[in-house]
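The values are calculated or read from the model by the stated rules, or taken from the named source; none is laboratory data. What you see is a predicted model; the values in this text were computed from it and never measured. Virtual Cβ from ideal backbone geometry, glycine too; neighbours counted across all protein chains shown. Accessible surface areas use protein heavy atoms only, side chains included; no ligands, DNA or RNA. Shrake-Rupley method; radii C 1.70, N 1.55, O 1.52, S 1.80 Å.
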Amino acid sequence: SYSISMSILNKVPSTSIMCPICGVYSHLTPKQMESDSNEAWVIQECDHCSSYVLTIFEIEMFLRQDHTPILRRYPKTVFPFYNPTPDPSIPKEVADDYKEAVTCYSAGAFNASVVMCRRIMETVSILKGANPEDSLYDMLSHLSSEGMEQSLIDLGTEIRLLGNSGAHVDRHDLLRNVTKEEAKDIIDFTEQFLEAVYIRPAKIEELRTRRQSRE
């Protein structure tokens, strides 16, 4: 590997991620870079908290004249990982998908993030008794028929539709990519969904149990 001069740092793609240190979606400023023939390791400083994170980029090509590496748009890995801690009331299968969705978002992989949120809707539906062979549309219809409040079904529908954008090629727009803002909205929607389906009922039950134990 070899070090890269400061002037080359200007060629590092502008990187904004969920900082694994402060948890704020922030721009990173590159400070130092090394690379081999396949990858570049860039130490970057969070503009919000001034902590350092390591971002690893794949190299797309080298310029012939000075062998300058051209990096892919988004880092493939960020260290340390941003590792959310889901509420213990959320089933492990769902919690694991949520953690992966947030990790993808923090690395700027917005398509992958909304696909994982869509998967969360499928997993929750199946755990609530939906047929695993059904489409997600039908799974959400099952939740509705079982009495889940319409506002949650609406949240699930929005997650399903944008998740489709990340998972499927649109015949009208082959280059359609999920934006950062859309991915953040879907993460927020997913958190609201999980709050209503698992966390709030668990807290209510905990309060009820505590009250009954004092009676």
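Worth pointing out:
- Residue match in the range 167-183 (condition: small (G, A, S) and either open to solvent by 50 Å² or more (accessible area, probe 1.4 Å) or at pLDDT below 85 (or both)): yes
- Scanning the range 92-107 for residues being over 15 Å from D188 (Cβ atoms) and in contact (Cβ under 8 Å) with a residue 60 or more places away in the chain gives a total of 2.
- Scan of the range 30-46 for residues that are of a type in the set (S, T, Y) and either surrounded by 15 or more Cβ atoms within 10 Å (Cβ to Cβ) or under 14 Å from K76 (Cβ atoms) (or both), ordered by number: S35
- Of the numbered criteria (1) touching a helix residue (DSSP H, G or I) at 6+ places or on another chain (Cβ under 6 Å); (2) on the phi > 0 side of the Ramachandran plot, the one S50 fails is (1).
- Hits in the range 72-98 - residues which are at pLDDT below 90 and either open to solvent by 90 Å² or more (accessible area, probe 1.4 Å) or part of a helix (DSSP H, G or I) (or both): R72, R73, Y74, K76, F81, N83, T85
- Of all residues making up the range 7-33, the number that are in a strand (DSSP E or B) and either under 18 Å from the mean Cα position of the chain (by Cα) or more than 18 Å from M61 (Cβ to Cβ) (or both): 12
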